């Protein structure tokens, strides 16, 4: 069969170029073997099924790119490396600054966790309330409900910490929702890596959920 060396050819996707050449050489040998057929009349080929044809084409596509197909597929499912930030630099709050502010003033601000509830239940910032996740409609509804009765100029600090800040899926929708609702004093806590690394592991004050 043409693809009797299918397993060897497939491996070239993840190996070096030398393996790609080996796979291509093997494929060429198969084609030459069928084309020549030792000088004898070739029997009528059995038509391939649709699934078999797709599989064969996939192998050729992998060979043509020597792994490019897998690279593109991985990129498609990995998500963006960075999202556009809807806030300005003055609205970004760094952990050390918030720690200092919490020591001098523990009231007059609204700290909102806009990540997942499981994360909030594990540990959260002092006096924080949960209103998330920010990437779900239900979470945004909860966020809007939490601020129905507070002034639009109230100090609001939102944070997530589920993953690296540059690609957090919750913090940006939550900020946009608050901004669209007319709130003018929003701060975004910049947790570069995650909540554990940038807050808990540094020994900053946390609270555990009682619910």
Linear extension gain, residue 148 paired with residue 97, 0.36 nm per residue minus alpha-carbon span: 15.6 nm
Efficiency of FRET from Cβ geometry, residue 176 and residue 204, R₀ 25 Å, rounded to 0.05: 0.35
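For segment 89-200, rounded, prolate or oblate, judged on the Cα gyration tensor with a ≥ b ≥ c (square roots of eigenvalues), a/c < 1.5 rounded, else prolate if a/b > b/c?
Judged from the Cα gyration tensor, segment 89-200 comes out rounded (a/c under 1.5).
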Order of 208, 143 under a 10 Å beta carbon neighbour criterion, fewest first: 208, 143
Chain lengthening between residue 190 and residue 129 when straightened (0.36 nm per residue, less Cα-Cα): 20.2 nm
Pairwise label distance in nanometres, residue 87 with residue 117, each label 7 Å out on the Cα-Cβ vector: 2.5 nm
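Read-outs throughout are calculated quantities, based only on the coordinates presented, and are distinct from any laboratory measurement. What you see is a predicted model, and the numbers here were worked out from it, not measured in a lab. We place every Cβ from the backbone using ideal geometry, glycine too, and count neighbours over all the protein chains shown.
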